[in-house]
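Since the structure comes first, as structure tokens, the remarks are kept for the end.
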Amino acid sequence: MSKAAEAERSKTQARKRLKVTLLLPTLNERVGMEHVMPRVKPDLIDQFLVIDGGSTDGTIEYAESQGYTVVRQKSKGITGAYYEALEHVTGDVIVAFSPDGNSVPERIPDLIGKMEEGYDMVIVSRYLGEAKSDDDDLITSFGNWFFTAAINCLFGGHYTDSLVMFRAWKKELIQQLPTNVPRAGLEPLISIKCAKMKWNVAEIPGDEPKRIGSPRKMKPFRNGWDILKLIFQEKFFSH
Ligand SMILES: Nc1nc2c(ncn2[C@@H]2O[C@H](COP(=O)(O)OP(=O)(O)O)[C@@H](O)[C@H]2O)c(=O)[nH]1
Ligand SMILES: [Mg+2]
């Protein structure tokens, strides 16, 4: 075997040591999934886990046709989706991936590679280095900037992007989450928890292309208000 082939093989073996669950929250994302999922390299992923919020556009049928594990969400909302999905995770590392065109599948190998360096969480930042978001509007770009600055300032984080879904984290982190489901989403919560606990966090740059297919489910003003309440709660009423 050539030196290059041997290096590649040992790299793949090192990768295999991290068991990875790709977590896909979906609510009518068939169009996006058909576009992005064929670009996900299956050799890096041990479990494809779809948590579906009640799609009626064939998302579930598509996911099942690909052999993904599909969990039908009983509660409402994206945070409830995460909480219900976490019980079904078999990997040691969770890669949260938005299959609506916002997350770029080609960044997954670098994301997992960075986790293999020993980090507890790695974020694919839309605002690091040359990376950019084509999905942001004026409101979401201000919200992202403001809440990331607030989380850094109040909890000692060093984030450039504390709210993006596309990230990887160790499954142990789940144990730090409150049992009551916060409405603000899991992303600001785990960003805050990691900063508070001084966990080992890294970011890699990653563009966010425009969403494909169905309209955005997130409501910026309601979500912003929920994040404000979460920050307040975590600052004054939680360890
Ligand atoms: N299971 C589930 N998935 C959801 C829900 N709301 C949004 N999603 C999915 O979460 C991902 C991100 O949602 P999106 O509305 O694009 O939010 P944004 O990208 O953060 O602005 C998409 O794949 C959505 O289909 C929900 O209530 N339940
Ligand atoms: Mg999106």
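The values are calculated or read from the model by the stated rules, or taken from the named source; none is laboratory data. Please read all numbers here as calculations on a predicted model, not as lab measurements. FYI the Cβ positions are ideal-geometry reconstructions off the backbone, even for glycines, and counts take in every protein chain you see. For the accessible areas, the whole protein counts, side chains as well, though only heavy atoms, and no ligand, DNA or RNA atoms are used. Shrake-Rupley method; radii C 1.70, N 1.55, O 1.52, S 1.80 Å.
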Give me the percent of accessible area attributable to carbon and sulfur for the chain, probe 1.4 angstrom.
56 percent
Using a 1.4 Å probe and ignoring any ligands, DNA or RNA, find the accessible area of residue 110 and quote it in Å² to the nearest 10.
80 Å²
With a 10 Å radius around each residue's Cβ, average the other Cβ atoms per peptide and rank 225-238, 153-166, highest first.
153-166, 225-238
Sticking to Cα atoms, compute the Rg of the stretch 3-236 to one decimal and its Dmax as the biggest Cα-Cα distance, whole number, in Å.
17.0, 56
Using θ = phi - 60° and the Karplus curve 6.51 cos²θ - 1.76 cosθ + 1.60, what whole-Hz ³J(HN,Hα) does each residue of the stretch 149-157 get, with Gly and Pro shown as x?
4, 5, 5, 5, 5, 8, 10, x, x
Mind checking the per residue accessible area of the chain for me, 1.4 Å probe, whole number of Å²?
51 Å²
At a probe radius of 1.4 Å, what is the per-residue accessible area of residue 116, in Å² to the nearest 10?
70 Å²
Sequence-distant residues sharing a close amide H with residue 133 (under 5 Å, placed H)
208
Kirkwood Rh over alpha-carbon pairs of the stretch 57-128 plugged into Stokes-Einstein at 25 °C, 0.890 mPa s gives a D in µm²/s of 171 µm²/s
From the C-alpha gyration tensor of the stretch 121-239, pull out the three semi-axes of the equivalent ellipsoid (sqrt of 5λ each), sorted largest to smallest, in whole Å.
22, 17, 14
Of the DSSP beta bridges with both residues in the stretch 3-236, give the percent that are antiparallel, rounding to the nearest 5.
25 percent
Could you give the size of the charge dipole of the chain about its Cα centre, using +1 on the Cβ of each K and R and -1 on the Cβ of each D and E, expressed in debye and rounded to the nearest 20?
520 debye
Counting sequence-distant residues (5 or more places) and residues on other chains, those with an amide H built under 5 Å from that of residue 102 are 212
Under Karplus coefficients 6.51, -1.76 and 1.60, residue-wise ³J(HN,Hα) of the stretch 179-186 in Hz, glycine/proline x
6, 7, 7, x, 7, 6, x, 6
At 222 nm, what value in deg cm²/dmol follows for the chain if DSSP H runs of at least 4 each add -39500 (n - 2.57) and the sum is divided by all its residues, to the nearest 500?
-12000 deg cm²/dmol
In whole Hz and in residue order, list the ³J(HN,Hα) couplings for the stretch 163-175 that follow from phi through the Karplus curve 6.51 cos²θ - 1.76 cosθ + 1.60, θ = phi - 60°; x for Gly and Pro.
10, 5, 6, 5, 6, 10, 8, 6, 4, 3, 4, 4, 5
Find the centroid of the Cα atoms in the stretch 39-82 and in the stretch 169-239, then give the distance between the two in whole Å.
20 Å
Rank by packing, highest mean first: peptides 59-68, 36-45, 184-193, 212-221, with packing defined as the count of other Cβ atoms within 10 Å averaged across residues.
184-193, 59-68, 36-45, 212-221
Given the options 191, 18, 131, identify the residue whose Cα lies farthest towards the positive end of the charge dipole of the chain (+1 on Cβ of Lys, Arg; -1 on Cβ of Asp, Glu).
191
